[in-house]
Amino acid sequence: RKEVEQDPGPFNVPEGATVAFNCTYSNSASQSFFWYRQDCRKEPKLLMSVYSSGNEDGRFTAQLNRASQYISLLIRDSKLSDSATYLCVVTANSGYSTLTFGKGTMLLVSP
Amino acid sequence: GAGVSQSPSNKVTEKGKDVELRCDPISGHTALYWYRQSLGQGLEFLIYFQGNSAPDKSGLPSDRFSAERTGGSVSTLTIQRTQQEDSAVYLCASSFGGYNEQFFGPGTRLTVL
């Protein structure tokens with residue numbers, strides 16, 4: 001059973017489009033949730049944390065549904081520079097931040 | 001300030017050889033993590049350090065893998081008798097500990113021939 005599941009994509013969208021990714025997690029004890037971004041052949045970088053109340057950072061909105069154990073990321077007004085792989089990340093209730101990564105969803109934004 | 005650094009950036013070795021991978025975390029970060037990422041796969045947790053101790057080694061795939069951290073800073077991941085399936089990008093991350101953001105280094109791309 002996969003701990004964190006994501007649709008691998010790729011999602012091909014034109015510039016300016018709105019795109020949404022979902023992610024499901026299996027560990028109901030998970031405490032913290034994140035979206036990381038990974039560019040091709042680069043290291044992952046934190047995009048945003050995901051809070052229970054939902055949170056927004058510019059064109060990016062993240063939401064958490066604990067009852068259904070999924071988190072989402074919405075990107076509005078897509079830019080070419082948004083092309084990357086988006087990793088859904090959760091932590092277990094283990095007293096420290098061991099991250100469990102999904103395999104990522106690839107986004108390709110075209111002109 | 002300086003981010004997490006790793007060396008070497010690329011390592012090509014022959015099957016059966018030992019390799020050492022180095023990670024220099026961000027100064028002041030008490031927590032250090034090793035992950036690996038195989039081609040087209042997600043990140044796989046290997047080991048976690050808090051200070052110089054490793055409370056969680058559960059991700060190390062076999063006893064050929066070991067890691068240490070000295071002075072609460074630099075960490076070395078050692079792979080003995082490398083196998084072709086060890087080929088991957090090995091990523092190191094550090095944080096202030098707890099549930100804080102982890103900052104990743106650029107990784108070491110290991111190729112075992």
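The values are calculated or read from the model by the stated rules, or taken from the named source; none is laboratory data. Fair warning: this is a prediction, and the values are worked out from it, not measured in the lab. Cβ placement follows ideal geometry from the backbone for every residue including glycine, while neighbour counts extend to all protein chains displayed. Please note that ligands, DNA and RNA were not included when accessible areas were found on the heavy atoms of the full protein model with its side chains. Shrake-Rupley method; radii C 1.70, N 1.55, O 1.52, S 1.80 Å.
Taking the Cα atoms of chain B, what is the range of coordinates along each of the three principal axes, in descending order and whole Å?
37, 26, 25
Can you list, by residue number, the Cys in chain A that have no neighbouring cysteine C-beta under 4.7 Å?
For chain A, the answer is A:Cys40, because their Cβ atoms have no other cysteine Cβ under 4.7 Å.
Got a number for carbon plus sulfur as a percent of the protein assembly as shown's accessible area, 1.4 Å probe?
Looking at the protein assembly as shown in its full context, I get 47 percent from C and S.
From largest accessible area down, sort A:Glu3, B:Glu44; use a 1.4 Å probe on the protein chains.
Ranking A:Glu3, B:Glu44 by accessible area, largest first, yields A:Glu3, B:Glu44.
What aspartates and glutamates sit close enough to B:Lys15 to cross-link, taking a C-alpha to C-alpha distance under 19 Å and skipping anything fewer than 8 places away on the same chain?
Cα-Cα hits under 19 Å: B:Asp63, B:Glu85, B:Asp86.
At the nearest 100 Å², what buried accessible area, both sides summed, do you get for B and A when the probe is 1.4 Å?
1700
Over the Cα atoms of the range A:1-52, how large are the radius of gyration and the largest Cα-Cα distance (Dmax), in Å?
13.2, 38
What are the lysines whose alpha-carbon lies under 29 Å from the alpha-carbon of B:Lys11, with same-chain residues fewer than 8 places away excluded?
A:Lys42, A:Lys45, A:Lys103, B:Lys57
List the residues of the range A:19-65 that lose 30 Å² or more of accessible area once all protein chains are present, compared with their chain alone (1.4 Å probe, heavy atoms only, no ligands or nucleic acids).
With the partner chains in place, the range A:19-65 has these residues losing at least 30 Å²: A:Tyr36, A:Gln38, A:Arg41, A:Glu43, A:Pro44, A:Leu46.
Can you give the convex hull volume per residue for the Cα atoms of chain A, as a whole number of Å³?
Hull volume normalised by residue count: 98 Å³.
Using the Cα centre as the reference, give the magnitude of the dipole from point charges on the C-beta atoms of chain A (Lys, Arg: +1; Asp, Glu: -1; all else neutral), rounded to the nearest 20 debye.
200
Tell me the accessible surface of A:Tyr70 in square angstrom (1.4 angstrom probe, heavy atoms of protein chains only), to the nearest ten.
Rounded to the nearest 10, that gives 80 Å².
For chain A, report the accessible area per residue in Å² (1.4 Å probe, heavy atoms, rounded to an integer).
50
Do you know which residues of the range B:44-76 lose at least 20 square angstrom of accessible area in the protein assembly compared with their chain on its own, with a 1.4 angstrom probe?
So the qualifying set is B:Phe45, B:Tyr48, B:Asp56.
What is the Cα convex hull volume of the protein assembly as shown when expressed per residue in Å³?
128
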